[in-house]
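Reviewing the structure listed below.
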Ligand SMILES: Nc1nc2c(ncn2[C@@H]2O[C@H](COP(=O)(O)OP(=O)(O)OP(=O)(O)O)[C@@H](O)[C@H]2O)c(=O)[nH]1
Ligand SMILES: [Mg+2]
């Protein structure tokens with residue numbers, strides 16, 4: 001039992017990613033190359049010509065034009081007319097500028113245990129990693145002492161329900177599910193009731209990413225949000241978008257669409273262990289005022305941690321330690 005009603009999921013020692021996680025992020029993101037910049041600028045000044053070269057490299061890393069311009073302006077301000085000493089100097093400068101841009105977005109998820117259940121609705125297009133993220137989160141929250149339940153709100157495929165049940169079994173967490181084809185809003189309503197009856201701290205609700213058309217998907221999500229609010233007007237307390245970071249600029253348009261439809265309260269980025277260069281988070285930070293919650297660097301439960309702006313900026317800049 002918790003003696004206090006509010007507890008940050010990331011207490012002091014939780015806030016910084018464990019050294020092991022930074023190492024994994026650093027090694028796996030773009031195979032250790034972060035943004036993948038070539039650099040080689042020692043002896044040159046950051047003049048228009050060099051700024052253009054750097055801008056091209058940043059755009060190749062999915063940073064987007066807005067953010068690339070901001071990065072360059074900040075670097076020019078810091079460097080002035082001085083010649084660049086070394087690549088290490090550029091990397092350190094880049095790390096500082098990126099961390100400044102990302103810091104406001106590093107707001108860890110906070111579970112309000114007075115809600116019972118604190119409802120986390122997970123949305124995103126198909127294949128982005130929603131169900132896997134729910135499995136990882138269930139494990140993490142359980143390890144932190146919360147009682148957790150899952151809702152199988154993706155009713156389009158039997159396999160989706162089974163996938164969630166497998167995560168439930170693995171973590172010894174109850175799963176509320178109905179038959180394939182059931183109304184997702186009804187499943188989530190039932191799950192909210194069941195979680196309330198059991199006094200569960202957190203309910204993690206899965207949703208489908210697959211529908212014939214986007215308008216249908218968004219209308220379905222709006223209904224789920226509305227119905228989840230029937231028992232507790234504050235629910236869903238977290239509307240978390242799960243985004244595949246290897247989608248580049250497509251990830252930005254997805255985020256904007258989901259935000260317009262349901263009003264996101266958090267974003268979790270997955271698949272930073274693939275070919276993704278991570279720049280998409282910088283582009284998102286420049287365009288959308290939604291906090292980053294977690295980042296995923298693999299398929300296992302431990303391959304996810306709280307988003308940390310300084311560590312992430314260091315990994316993007318290709319610096320060895322956070
Ligand atoms: N490499 C890697 N794979 C991931 C990560 N997160 C999820 N995956 C994999 O991506 C695939 C899709 O993940 P799901 O969790 O099923 O995605 P979903 O959004 O629930 O997909 P739908 O239910 O079809 O909408 C699975 O094979 C996962 O194991 C990650 O951070 N890194
Ligand atoms: Mg799924």
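Just so it is clear, none of the values below were taken in a lab; they were calculated from the coordinates. Note that the structure is a prediction, hence the values are computed from the model and not measured. Note: ideal-geometry Cβ built from the backbone for every residue, glycine included; neighbour counts use all protein chains shown.
So if I average 1/r over every pair of distinct C-alpha atoms in the range 38-104 and take the inverse, what Kirkwood radius in Å does that give? Taking the inverse mean of 1/r over all distinct Cα pairs, the range 38-104 comes out at 12.0 Å.
Counting Cα-Cα pairs of the chain in 20 Å increments starting at 0 gives whole-percent bin shares of 33, 52, 14, 1. For the chain, the longest principal axis of the alpha carbon atoms and the long axis of helix 249-262 meet at an angle near 40°. The distance between label points at residue 88 and residue 69 comes to 3.5 nm (points 7 Å beyond Cα on the Cα→Cβ vector). Only DSSP H runs of four or more residues enter the estimate; each adds -39500 (n - 2.57), and after division by the residues of the chain the mean residue ellipticity at 222 nm equals -14500 deg cm²/dmol.
Taking the C-alpha atoms only, the angle from helix 130-143 to the longest principal axis of the chain is near 80 degrees. Comparing 296, 43, 209 in a Gaussian network model of the chain where C-alpha atoms under 10 Å apart are linked, the largest mean-square fluctuation is found at 43.
The order of 81, 130, 214, going from fewest to most other C-beta atoms within 10 Å of their C-beta, is 81, 214, 130.
Normalised by the number of residues in the chain, the mean separation of alpha-carbon contacts (under 8 Å, six or more apart) gives a relative contact order of 29 percent. In terms of overall dimensions, the C-alpha atoms belonging to the range 264-322 reach 28, 26, 20 Å along their principal axes, ordered largest to smallest. With the convex hull drawn over the C-alpha atoms of the range 72-225, the volume per residue is 167 Å³. Rg over Rh for the range 223-288 works out to 1.06, using Cα positions for both radii and the Kirkwood form for Rh.
Computed from Cα positions, the angle between helix 19-28 and the longest principal axis of the chain comes to roughly 70 degrees.
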